[in-house]
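Got a structure for you, written out below as structure tokens; questions coming shortly.
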Amino acid sequence: MKNIKRGKWLTLIFSIVTLVYISPIFIVLMNSFKANTNVKTDTFAWPSGEMFVGWANYLKGFTFGNYPFLKSVLFSFVITILSTILILFCTSMAAWYIARVDSKICRIIYYLFVFSMIVPFQMVMFTLSKTADTLSLNTPWAIPIVYLGFGAGLAVFMFTGFIKGLPLEIEEAAAIDGCGPLRTFFVVIIPMLRPTLISVGILEIMWIWNDYLLPYLILDRTEYMTIPIHIQYLQGSYGSVDLGAIMALIILSIIPVILFYLTCQKYIIKGVASGAVKG
């Protein structure tokens, strides 16, 4: 009986915490249907009467300025997909080598990857911006190389921990059957890495999709914009801001991430837990 009551109280507490956590998203959604002036003066009021403008903010967000919003969506998808694929491919292979080759150099490389996770981006952003511009990495097709450098630390850490938990006998059996290193990696290791691949992929996608500062510093903004940059450009001159249109585009920008997260959420805890078994 006590356990049932405790369970009800825990359910109630976590339900309240969940509501508090998602309330900002609901407020943004609510304000996306209000006139700009009402967003500032009646932020928490329900959109009704003169405040309600329907889909006007969404249409304004799509048509604002000379840069189409759908083009920003396209470049965000390109950057996110290419960067995630590059990070998963390179870091999983590096982690497999580090986990299986027990040498001092591999241990040093591993700790360098781990150390890179705690280096603030602000320490290197200006040097990085200049270097990326010099090497012509300021396009959506080249910026994934930059994202690889920043996303490799966490990915290698998680992949290495998972691979160390895999029995070495499976790889030895594959070698006896005639598999070389590359075939062993793609045929044997990759299928077993699936939970961690998906969980790391989700984390990288949510980071890259929502990232504002790195594309803003590196991309040629006269030709390429991502969704966060496009939203920032809704701010007019003299500090004027169209909050209604900004709220509308924020809602549109988070929908793909939410759908992807809900589809793959069952792999996150499994992948993170399995990747943290060993370091």
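Which number in (1) touching a Cys at 6+ places or on another chain (Cβ under 9 Å); (2) farther than 22 Å from residue 81 by Cα marks the one condition that residue 198 misses?
If we test residue 198 against (1) touching a Cys at 6+ places or on another chain (Cβ under 9 Å); (2) farther than 22 Å from residue 81 by Cα, just (2) comes out false.
What's the total number of residues in region 153-171 that are in a helix (DSSP H, G or I) and either within 31 Å of the chain's Cα centre (by Cα) or free of Cβ contacts under 8 Å to residues at least 12 places away in the same chain (or both)? Walk me through it before giving the result.
Quick first cut of region 153-171, residues in a helix (DSSP H, G or I) only: 153-164, 168-171.
Checking the rest, the ones that are also either within 31 Å of the chain's Cα centre (by Cα) or free of Cβ contacts under 8 Å to residues at least 12 places away in the same chain (or both) come to 153-164, 169.
Residues flagged as in a helix (DSSP H, G or I) and either within 31 Å of the chain's Cα centre (by Cα) or free of Cβ contacts under 8 Å to residues at least 12 places away in the same chain (or both) within region 153-171 amount to 13.
Test residue 86 against the stated conditions and say whether it is modelled with pLDDT of 95 or more, assigned to a helix (DSSP H, G or I) and in the same structural domain as residue 160 (by TED's automatic domain parsing). So that I can check it myself, show each step before the final result.
On the way: modelled with pLDDT of 95 or more: yes; assigned to a helix (DSSP H, G or I): yes; in the same structural domain as residue 160 (by TED's automatic domain parsing): yes.
The answer is yes for residue 86.
Take the residues of region 93-108 that are surrounded by fewer than 16 Cβ atoms within 10 Å (Cβ to Cβ) and aliphatic (A, V, I, L, M): which is modelled with the lowest pLDDT?
Ranking the qualifying residues of region 93-108, first place goes to 101.
Right, here's the next one. Quick one: residue 79 ticks every box in (1) surrounded by 15 or more Cβ atoms within 10 Å (Cβ to Cβ); (2) without any contact (Cβ under 8 Å) to a residue 60 or more places away in the chain; (3) among the aliphatic types (A, V, I, L, M); (4) closer than 19 Å to residue 256 by Cα bar one, so which box is it?
The failed condition is (2).
Next question, about the same structure. Given 150, 113, 126, which one is in a helix (DSSP H, G or I), touching a Phe, Trp or Tyr at 6+ places or on another chain (Cβ under 8 Å), modelled with pLDDT under 90 and of a type outside the set (Val, Ile, Thr)?
Unique residue meeting the criteria: 150.
Sticking with this one: Looking only at region 45-59, which residues are over 25 Å from residue 70 (Cα atoms) and either among the small types (Gly, Ala, Ser) or within 29 Å of the chain's Cα centre (by Cα) (or both)?
Across region 45-59, the qualifying residues are 45, 48, 49.
Turning to a different aspect of this structure: Note down all Cβ pairs under 7 Å where the first residue falls in region 241-270 and is closer than 30 Å to residue 37 by Cα, the second is at pLDDT below 80 and of a type in the set (S, T, N, Q), and they're at least six residues apart or on different chains.
From residues that are closer than 30 Å to residue 37 by Cα, the pairs are 241/235.
Return a yes/no flag: does region 202-221 have any residue that is loosely packed, with under 14 Cβ neighbours inside 10 Å and in contact with a Pro (Cβ under 6 Å, 6 or more places away or on another chain).
Yes, that holds for at least one residue.
Scan region 109-118 for residues that are closer than 20 Å to residue 83 by Cα and surrounded by fewer than 16 Cβ atoms within 10 Å (Cβ to Cβ) and jot them down. Lay out the reasoning, then the answer.
From region 109-118, those closer than 20 Å to residue 83 by Cα are 113-114, 116-117; that's our starting set.
Across region 109-118, the qualifying residues are 114, 117.
The values are calculated or read from the model by the stated rules, or taken from the named source; none is laboratory data. Please read these numbers as outputs of a predicted model, since none were measured by experiment. As a convention, Cβ positions derive from the backbone with ideal geometry for all residues, glycine included, and neighbour counts pool all protein chains shown.
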